[in-house]
Every structure is written in C-alpha cells, then in structure tokens.
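Written below as structure tokens is the structure these notes are about.
The values are calculated or read from the model by the stated rules, or taken from the named source; none is laboratory data. Computed from a prediction, not measured in an experiment: that's the story for all the values here. Cβ atoms come from the backbone with ideal geometry, glycine included; neighbour counts cover every protein chain shown.
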Amino acid sequence: MGEKGAHQPPSPEMTVKVTEAQSARQGPPSTRRVLPREMYGFLFVGPAILFFILVSIFPLLRTFQMSLIDVEAGIPLFVGIRHYAELVQDPWFWSSLTNAFVFTVASVILHIFIGMVLAVLLNETWFSTTLRNIMRGLLILPWVFSTASAGLMWTLLYHPFGLLNYLWVGLLGQEMPIEFLAKPGLAMASVVAVNTWKAYPFYMIIILGGLQAIPPELYEAAKVDGANAGRRFWHVTLPQLRPILIAISTIDIITTVGHVDLIRMLTRGGPLRSTETVAYYIYKTALLDGNLGYGAAVSTLMLIMVAILIIVYLRLVSRGSESGETSF
Amino acid sequence: MKRASDLRFRYGYLIHQVFVVSLTTLSAIIILTPVVWMINAAMRPIKEVLTYPPRLDPSQLTFEYMASLIENELYRGYFVNSTIISLSTLAIVLVLGLLAAYGFSRFKMVGGRYMLLGIMALLMLPTVTLIVPYFRLAHLVGLYDTLFGLIVVNSAFILPICIWLLKGYMDAIPVDLEEAAMIDGCTRLQAMQKILVPLAVPGIVGTGTFVFVFAWNEFLLAVTLTDSPGSQPLTIGLAAFFGQFVRDWNSIMALSTITSIPLMIIFVLFQRWVVQGMTSGAVK
C-alpha cells in the first residue's frame, strides 16, 4: 500500500496524484467508496479505536502482567511463573477444563442442531405468513431474557416439586423426584439444557438468514435431477450454509466457554465441582477467593486458547474474502 | 389426468403444512413453558406455586408480589440503575459505533482491514478473561462501584459487534446521495447526519435493541465492578434476592418478571429490525 505519502509534506507528485484522483471521481459515478484524503477516515474511526485501546487492549495486557505478580499482601510482589507452575499441578484447573469442554461441545451441538431444525421449519412455505412471523417471534423470545432470569425460571422447573418432577413422578409414576441440579452427573446436563434454551434463538435467526440467501434455482435444479428433500438438504442446503456454520460455531464456542452467570445462578459450580468450568474457576479464584494473580494466570491460559480459535477463524474469514464470500 | 395430480398436489401440500405447523407449534409450546411458568408463579397465591398437580389456572390472580417489590425502595433503585446503565451504554455505543462504521464504510484507510479484523477479534473476546484487570484497574482509577465504570466497560464489550452491524448497513446504502448533498454545500458531518443516518434508521434501531438487551442483562461485569446497591443493576438484585429468599418463589418470580417486562416490550416493538440486522449483516 502506498499510503505513506499522506504523512509527508505535499510534494508536486502528490498534487498530481490528488488531481488525478479527483478527475477519476468525476468520471463514472458509482464506485462504492470514493475517498478523498487517506487519513480523513481516522477522524471517524479514531474515537472507537482509542476507546478499545484504553478499555479493552490495555486491560488485556494487564491480565498477563498480573499473572506474574501477587497482590494479596497489598504490595505487588513479583513471583514470575510461579502461578503457572502451580496451575499445571492444580487438579481443579484440569477438571474445570474438562467440564468446560463437555459444557461447550454439548451446548454448541445442541444450539446449532435445534437452531437448524427450527430455521428450516420457519423457512418452509407456510399457508399464513402472519402465523409464521408470530411463531418466529415466539421462538426468539428466550434470547431476550437475562441469564439471571433464565436461571431462576429453570431452577423453579427443576425444583423437586416443580413441573418437570411432576411429569416424572406424577405422570410417569416414578417414586423419587429427580434432583436435576444436585446430582453430579445430571447437573451438567441440566445446565446445558438451560444454556441451550437461552442461546439457540440467536443461531436460529442467523441460520434462517443464511437459508433465505440460498438461491431457489439450486433447489429447483436438484428437484429436476430427482433429489428428495433429504438429499436436497444434504447436497444443497448444507454446502451453502457452510461459511455461516463455521462462523457461528466459532462464535458459539467462544461465547459458551466464557459463561459465568449461568453457572453462578444454577449450581455455583457444584455439586462436587462437577459444573465448574474454566470461566467459573476464574471468577471463583479471583473474585470470591480474592486470589487475583492466580485468577489472572488462568485467564491468560484461557485467552491463549481463545486466541488460537480466533486466529484460525479469522484466517478462514479472510481467505473467504479473497474469493468474495465475505464483506471485507 | 390433470385433476388427479392436482388433488395429489393438494393432499401433499396439506400434509406438509400440518407437519410444519404442528412441529413448530409444539416446539414453541415447549420452549415457552419456562416463561409462562415464571409469569404464572409471579401472579398466584403462595400456596399454589409448588402444588401437586401443578396448576396453570390460578384460583386467584394477585399482583401483590409485584406491587410490594415496586414499592420497595431497594428494588426501585436497582431498576433505576439498570435504566441509567443501559441508556448510557446505548448512547456511547451508538455515537462511537456510528462514527466508526461510517469511517470504515466510506474511507479506505491505511490498515483499515486489519483494524476491522482486530475489532472482530475483540467481538469474540470473553468477558471473563478481563475481570481480573478490570477489578484491579477500577480500584486504581476510582471507578470501582460506580455506574460510570460499569457503563464504560459495558460499552467496550458491545461496541465491536455494533460497528460490524452498522458497517454492514452503511455498505448497503449508496454513497451517491451523500456526495450529491456535499456538492450542494453540506459538510461531511451534515451529509452523514441528514442523509445517511435517516436511511440507516432500521439498522440503528436493530443494533440499538441489541445493545440495550445486552446492557440490561449484563451480569458478570456488574458483579465484578460493583459492591453496593447504589450502583448495582437488576440482574445483581435478582441474584441477591434469590440467595436471600430461596423459598419465596412468588416474589422471586415476580422480580424476575418485572426485570423482563421492559425487554419484552422492546422486543415486541423492535423485533423486526433486530431479526433483519441479524439475518443480513451479522455474520458474513
């Protein structure tokens, strides 16, 4: 890129360039971006970038720095990599990683599966568009509630005398109510269920947008070739949705792995720390136990894992942009 | 035989419709059960919440629980805090977001592509990885336990997706109109204000709803950065209330319902634009 010239005092060459650019602008009218001077855009972008540097990037670096010190005594004490050495030997850290893995994989699969099924249903032709729009609205509704509210709603449903146990005991004739949130194996499944309920609408809507963007001719061509609905889905819908599915799985993995509030409302990491994910472990060690340095070390490791995912994803996205798949 | 095939077509259409509509309706019923249950529990006498068999039709409706919460000064305080936090976050994010989206959409900049990629990386940054430095920094700069601190940090987390959404909208609006306005003597800011922003209103409404819902529901940053009811939002109030009155399901659900009412109203009003924004520009 030859934009360096913008930093230098205007030279005769530059002026020539500018007039050339101007005359080019007055030519054919609608190239999408017409640009005056190269630095002008920074006036608009600058405030946001400055804000990010101060409020996101600087604290991000502090996370790493804080993982190397101890602040408990009041005076920061440099301890080097001691936190990381402890971390490697900390069984709760490893179990929190396993829990996070289970939680994330199960949630993401369910989000995308349910989102896909409902999006396909909503994308069919309905006899009444109004009814379809109402259904769409109702199906998005869980997205609106706060995690705190969602956690409470489900705690009531999961209650030993709640609705789900009424179905279990009252209708299926079982003897003991199920302790959804108090049995180690089951608690994780219950938390995943709530997370699925809360988050699938977002993915449903994005998949729906993707479905609507698939040209109908592709389906007609497949129909002419004799493909049934299942094959049409497999050979037309899925390949067409691929970029979107990659994008939302990445975003979903990163969002899900970072959930603290849901676990805080439902189980507080229990029973027997079976729902304690890495994110909750950070919250617990740093804020509840006040062990900031150690929490920062866990955060740093989590950041590294997330960063790897983000980089892989961004590479996929930028490669897409060269073939015209994305918007930049 | 045209008739026979016509009939078969109609028969197939009918089966298809019954299948699609009933499956969707069934899913909607299952999915809405927790919400109905919450509102139900918020409005019925205390004895009826955990009865066998559960009853959907309350023998009497009561607004007693919600009323007593609304009268309670503590919870009114939480409500006011949530409102201030959400609206201020909305204002900051829209101003910074509109400017940045305009810049990215209308100018080619040195490293603009990398800045956009960086913003996309920030979009995916999990909140929890920053709570430790935020906690410490907020103490150092004196923003701990203040509404302002919470607003700033909230904005930082929701701004990236807003820039992307708004940029998507602006890219779709032809630049010619603004140019015409500028030739007619508008400054660039005026052209943006008078031509672009009105055209982007659906996008702004959709993005704004997104921001408001995020800020209203935010929990982790609030629990990290606040300590007293004077600066805590409703989500914290809800959690604290739950911890304090575990058995009082009526009041818990009443508070949860009250917390959700503003969001449900906003959602019903602006659903169309939110969906539009999410289906068009969010992920590409």
Seminar exercise, completed: Of the residues in the stretch B:226-247, those that are within 12 Å of chain A (Cβ to nearest Cβ) and not in a loop (DSSP other than H, G, I, E, B) number 10
Exercise. What are the residues in the stretch A:104-146 that are farther than 20 Å from B:Val274 by Cα and among the hydroxyl-bearing types (Ser, Thr, Tyr), if any?
Worked result: A:Thr104, A:Ser107, A:Thr125, A:Ser128
For this session: Just one of (1) closer than 17 Å to A:Phe52 by Cα; (2) surrounded by fewer than 17 Cβ atoms within 10 Å (Cβ to Cβ) trips up B:Ser228, so point out which.
Result: (1)
Problem set entry | The one condition in (1) at pLDDT below 90; (2) in a helix (DSSP H, G or I) that B:Leu96 fails to fulfil | (1)
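Tell me the helices (runs of 4 or more DSSP H) entirely within the stretch A:61-164 that contain at least 1 residues that are in contact (Cβ under 8 Å) with a residue 60 or more places away in the chain and facing chain B (nearest Cβ under 7 Å).
Numbers: elements: A:82-88, A:91-123, A:129-140, A:147-158.
Because the criterion is at least 1 residues that are in contact (Cβ under 8 Å) with a residue 60 or more places away in the chain and facing chain B (nearest Cβ under 7 Å), the helices (runs of 4 or more DSSP H) in the stretch A:61-164 that meet it are A:91-123, A:129-140, A:147-158.
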For this session: Restrict the check to the stretch B:169-179 and report whether at least one residue is touching a Lys or Arg at 6+ places or on another chain (Cβ under 8 Å) and within 22 Å of A:Ala48 (Cα to Cα).
Result: yes
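Scan the stretch B:102-111 residue by residue and report those that are without any contact (Cβ under 8 Å) to a residue 40 or more places away in the chain and either touching a strand residue (DSSP E or B) at 6+ places or on another chain (Cβ under 7 Å) or within 7 Å of chain A (Cβ to nearest Cβ) (or both). I'd like the intermediate steps shown before the answer.
Here is the first cut: in the stretch B:102-111, the ones without any contact (Cβ under 8 Å) to a residue 40 or more places away in the chain are B:103, B:107-111.
B:Gly103, B:Phe107, B:Lys108, B:Met109, B:Val110 - these are the residues of the stretch B:102-111 that are without any contact (Cβ under 8 Å) to a residue 40 or more places away in the chain and either touching a strand residue (DSSP E or B) at 6+ places or on another chain (Cβ under 7 Å) or within 7 Å of chain A (Cβ to nearest Cβ) (or both).
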Exercise. If you check B:Val80, B:Val93, which single one turns out to be among the β-branched types (Val, Ile, Thr), touching a Cys at 6+ places or on another chain (Cβ under 7 Å) and over 24 Å from A:Ser67 (Cβ atoms)?
Worked result: B:Val93
For this session: For B:Pro174, indicate whether it is assigned to a loop (DSSP other than H, G, I, E, B) and either modelled with pLDDT under 90 or surrounded by 20 or more Cβ atoms within 10 Å (Cβ to Cβ) (or both).
Result: yes
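Scanning the stretch B:136-161 for residues that are among the hydroxyl-bearing types (Ser, Thr, Tyr) and more than 10 Å from chain A (Cβ to nearest Cβ), which turns out surrounded by the most Cβ atoms within 10 Å (Cβ to Cβ)?
The residue in question is B:Tyr144.
Let's see how each residue does on (1) crowded, with 23+ Cβ neighbours inside 10 Å; (2) within 25 Å of A:Leu121 (Cβ to Cβ); (3) touching a helix residue (DSSP H, G or I) at 6+ places or on another chain (Cβ under 9 Å):
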residue	(1), (2), (3)
A:Pro177	no, no, yes
A:Pro184	no, no, no
A:Ser190	yes, no, yes
A:Asn195	yes, yes, yes
Exercise. Inside the stretch A:192-295, counting only helices (runs of 4 or more DSSP H) that do not spill past its ends, which hold 2 or more residues that are under 30 Å from B:Val35 (Cα atoms), more than 9 Å from chain B (Cβ to nearest Cβ) and of a type in the set (A, V, I, L, M)?
Worked result: A:238-257, A:261-266
For this session: Out of the residues in the stretch B:102-111 that are crowded, with 18+ Cβ neighbours inside 10 Å and in contact with a helix residue (DSSP H, G or I) (Cβ under 6 Å, 6 or more places away or on another chain), state the one that is farthest from A:Ala286 (Cα to Cα).
Result: B:Phe107
For this session: Evaluate the stretch B:128-135: report whether one residue or more is buried (at least 17 other Cβ atoms within 10 Å of the Cβ), assigned to a helix (DSSP H, G or I) and touching a His at 6+ places or on another chain (Cβ under 9 Å).
Result: yes
Exercise. Just checking, how many residues over the stretch B:205-222 are buried (at least 21 other Cβ atoms within 10 Å of the Cβ), farther than 12 Å from B:Ser86 by Cα and among the β-branched types (Val, Ile, Thr)?
Worked result: 1
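Report yes if A:Ala21 is more than 13 Å from every other protein chain (Cβ to nearest Cβ) and either assigned to a helix (DSSP H, G or I) or modelled with pLDDT under 65 (or both), otherwise no.
Working: more than 13 Å from every other protein chain (Cβ to nearest Cβ): no; either assigned to a helix (DSSP H, G or I) or modelled with pLDDT under 65 (or both): yes.
Considered against the rule, which asks whether it is more than 13 Å from every other protein chain (Cβ to nearest Cβ) and either assigned to a helix (DSSP H, G or I) or modelled with pLDDT under 65 (or both), A:Ala21 comes out as no.
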